[in-house]
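Here is the structure we will look at.
No value in this document is a laboratory result; all are computed from the given coordinates. Quick caveat, the model's predicted, so the values are computed rather than measured. Cβ: placed from backbone, ideal geometry, glycine included. Neighbour counts: every protein chain shown.
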Amino acid sequence: MTTTDTAEAAVPGETAGAAVRVRGLRRSYGEVVALDGVDLDFGAGTFTAVMGPSGSGKSTLLSCAAGLDRPSDGTVRVDGVELAGLGERRLTLLRRERIGFVFQAFNLLPSLTAAQNVALPLRLAGRRPARGAVREALARVGLAERAGHRPAQLSGGQQQRVAVARALITRPAVLFGDEPTGALDTTTSREVLCLLRELVDREGQTTVMVTHDPVAASYADRVVFLVDGRVSGELARPSVEAVAAHMAGLEKRTARGTAEAAVEGVTC
């Protein structure tokens, strides 16, 4: 496929080392500011977790970075491509070809087999999925022997692994996950997190995951913390204990700020 059929060509050297780069990212919904000037790089071949108190802008950041939502201001580059310059058709093509997304809900079609669910993004793009490619995607997540099973015949962890395989079928530059283990128990969460970690270590799959769970965040190379739509800090090589302590501090600070704002708002 030619570059004119896909997204705009990358700007040489501008995002060297970064699979995703956001600068001055701002997103508001009416008077509510969800993101307020976020600057971040997500390095190629790395695993980043994004955390923060409720309402801090985590999911909004992921949606803007993945091209699912348009920012009010600022820039987003994915695999060297500036998203703001793309029309809806080219943005859709970029999402299909260079971005994978895994949600908390598995979003598998119950009437389709695992293999058919994995092949779905290619079919929606008008491309005939090669049987070998679908088998390979399922093998990457350890489900080659479950290709003919429907979602109801799979465990929760297996369904989420099918969702990951579906996101990987196009060989995306970056894999985004919005609470991908939020609906799973401890054991199946570990299975999915180990899979995501292995994809980074074995294949260099850039991965960005929003999570509220310090255990999940500890599988990442780096944790980025958001508060009130702004980056408030980072942890490299995070441990469960360090992440939990940092989050506890943020929650306490946020609660104190909310209480102070409420007191200031009281008038006689």
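Measuring nothing but how far apart in sequence close Cα pairs (under 8 Å, 6+ apart) lie, relative to its length, the chain scores a relative contact order of 25 percent. All Cα-Cα distances of the stretch 31-80, cut into 10 Å bins from zero to the largest, leave 21, 59, 20, 1 percent in each bin in turn. Calculated on the Cα set of the chain, radius of gyration then Dmax: 19.3, 72 Å. Between 0 and 90 degrees, the angle of helix 156-168 with respect to the longest Cα principal axis of the chain falls at about 80 degrees. Computed over neighbours whose Cβ is under 14 Å from that of His246, the net charge equals 0, Lys and Arg +1, Asp and Glu -1.
Using θ = phi - 60° in the Karplus curve 6.51 cos²θ - 1.76 cosθ + 1.60, the 3J(HN,Hα) couplings for the stretch 104-119 round to 4, 7, 5, 6, 8, 7, x, 7, 9, 6, 4, 5, 5, 5, 5, 6 Hz; x is entered for Gly and Pro.
Diffusion coefficient (Stokes-Einstein, Kirkwood radius over C-alpha pairs, 20 °C, 1.002 mPa s) for the stretch 14-145: 128 µm²/s, rounded to a whole number. Computed packing ranks the peptides 108-118, 194-204, 163-173 as 163-173, 108-118, 194-204, most packed first, by mean other Cβ atoms within 10 Å.
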